[in-house]
């Protein structure tokens with residue numbers, strides 16, 4: 001019996017020694033997991049959404065780096081745990097299930113885009129996790145989840161917000177436009193944005209002469225037939241609700257068939273990102289499209305310039321958008337909101353974090369964020385910009401500033417007047 005007890009003690013000591021040795025080899029301690037806050041999410045790092053997903057990720061990583069240098073949160077270091085969803089919505093539910101059930105993350109946030117956020121919602125809700133989403137359009141209208149918070153400056157009229165400013169400037173022209181064509185990708189964001197545009201057009205008594213969806217790329221690669229059909233209807237206005245690859249395809253096709261409505265654009269994703277601007281260059285001229293942040297002096301908040309300086313210094317090595325104006329700053333702001341929730345709640349408890357965020361205005365590098373109904377912003381800060389004067393010699397220094405774009409709505413952020421009609425602004 002005594003020998004048996006000695007053997008068990010030796011085995012126990014040996015096991016502890018092996019555990020400590022293994023921990024030392026990997027630079028951790030047995031308690032290290034308890035000293036880390038794990039934050040999980042999916043992100044589009046390959047596929048058509050990757051140019052935006054990757055710049056959002058760099059913003060998120062800069063936040064984690066800064067937090068850890070400052071000592072972490074609640075006395076703990078933060079760790080980002082993420083997986084590539086390949087721009088495929090079908091990958092998302094499995095990723096969040098793994099993050100929560102296998103990786104045992106403490107908190108979750110979303111990756112970029114409506115198409116990736118919506119399929120995560122049932123998993124997140126079943127686990128009762130607070131969910132801070134990144135650029136999801138009206139996602140919570142269907143789910144009505146009380147722990148959902150949206151990082152996108154749409155305000156309460158979520159579906160109409162992407163295009164309301166566009167209609168504001170269009171209807172201020174003389175003579176007022178009478179007809180409109182609507183074309184949109186058959187996908188979550190584009191459907192919602194076009195629904196908002198359709199409702200606004202009806203309220204304004206605009207005659208809708210074309211209203212059709214198209215399968216998003218790669219199912220649609222030739223956009224000329226769509227543009228020809230629109231041209232045949234000769235609309236005054238053309239509202240486009242699209243994702244990056246179709247945005248480019250539609251603009252190129254419009255040039256090929258000489259389509260010249262009086263105003264064109266609206267809710268085209270992709271034009272905000274530097275690589276897509278660089279691909280289109282002079283073909284951007286005249287287009288009026290939504291924006292969420294621009295480097296104008298009116299939109300420089302506490303920490304804004306410092307963040308973009310840091311981002312742009314790291315962008316080359318990371319292989320991402322060199323400026324980061326579209327998703328880099330917003331990815332950082334998403335994590336700033338989570339940080340505020342953790343600090344305010346003094347806890348990692350999802351319910352406590354959600355309760356704090358519901359009643360707090362959070363200061364971020366893209367401005368103050370206050371949440372309203374359904375977790376959307378209490379007030380809209382969406383903009384419409386018009387591109388002008390772009391030549392095919394445009395380069396990074398062009399895109400860095402405001403010389404090629406004018407904020408035309410809202411009036412409080414406007415930097416100039418609309419050039420109308422589109423044909424005039426094309427020159």
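Quick notes on this structure:
- When the residues of the stretch 121-141 are filtered to those that are free of Cβ contacts under 8 Å to residues at least 24 places away in the same chain and not in a strand (DSSP E or B), the one that is nearest to residue 264 (Cα to Cα) is 125.
- Any hit, the stretch 87-95, residues being in a loop (DSSP other than H, G, I, E, B), within 14 Å of the chain's Cα centre (by Cα) and under 30 Å from residue 238 (Cα atoms): yes
- Which listed residue is buried (at least 24 other Cβ atoms within 10 Å of the Cβ) and farther than 21 Å from residue 377 by Cα, from 148, 96: 96
- Test: residue in the stretch 361-380 that is assigned to a loop (DSSP other than H, G, I, E, B), modelled with pLDDT of 95 or more and within 26 Å of residue 37 (Cβ to Cβ): yes
- Considering (1) assigned by TED's automatic domain parsing to the domain that holds residue 195; (2) in a helix (DSSP H, G or I); (3) out of contact with any helix residue (DSSP H, G or I) (no Cβ under 6 Å at 6 or more places or on another chain); (4) without any contact (Cβ under 8 Å) to a residue 60 or more places away in the chain, the lone condition that residue 165 does not fulfil carries the number (4).
- Index of the failed condition, residue 118 passing every other in (1) farther than 28 Å from residue 370 by Cβ; (2) out of contact with any strand residue (DSSP E or B) (no Cβ under 8 Å at 6 or more places or on another chain); (3) assigned to a helix (DSSP H, G or I); (4) at pLDDT 95 or above: (1)
- Check on residue 232, without any contact (Cβ under 8 Å) to a residue 12 or more places away in the chain and farther than 22 Å from residue 192 by Cβ: yes
Okay, residues lined up against (1) outside the structural domain of residue 105 (by TED's automatic domain parsing); (2) closer than 14 Å to residue 131 by Cα; (3) surrounded by fewer than 21 Cβ atoms within 10 Å (Cβ to Cβ); (4) within 15 Å of the chain's Cα centre (by Cα):
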| residue | (1), (2), (3), (4) |
| --- | --- |
| 338 | no, yes, no, no |
| 341 | no, yes, no, no |
| 345 | no, no, yes, no |
| 352 | no, yes, yes, no |
| 356 | no, yes, yes, no |
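- Note on the stretch 26-50: residues that are modelled with pLDDT under 95 and either buried (at least 19 other Cβ atoms within 10 Å of the Cβ) or assigned to a loop (DSSP other than H, G, I, E, B) (or both) amount to 10.
Conditions tested, residue by residue: (1) modelled with pLDDT under 95; (2) in a helix (DSSP H, G or I); (3) closer than 15 Å to residue 298 by Cα.
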{"residue": "351", "(1), (2), (3)": "no, yes, no"}
{"residue": "356", "(1), (2), (3)": "no, yes, no"}
{"residue": "392", "(1), (2), (3)": "no, no, no"}
{"residue": "416", "(1), (2), (3)": "no, no, yes"}
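The values are calculated or read from the model by the stated rules, or taken from the named source; none is laboratory data. Computed from a prediction, not measured in an experiment: that's the story for all the values here. Neighbour counts are summed over all protein chains in view; Cβ atoms, including those assigned to glycine, are modelled from backbone coordinates with ideal geometry.
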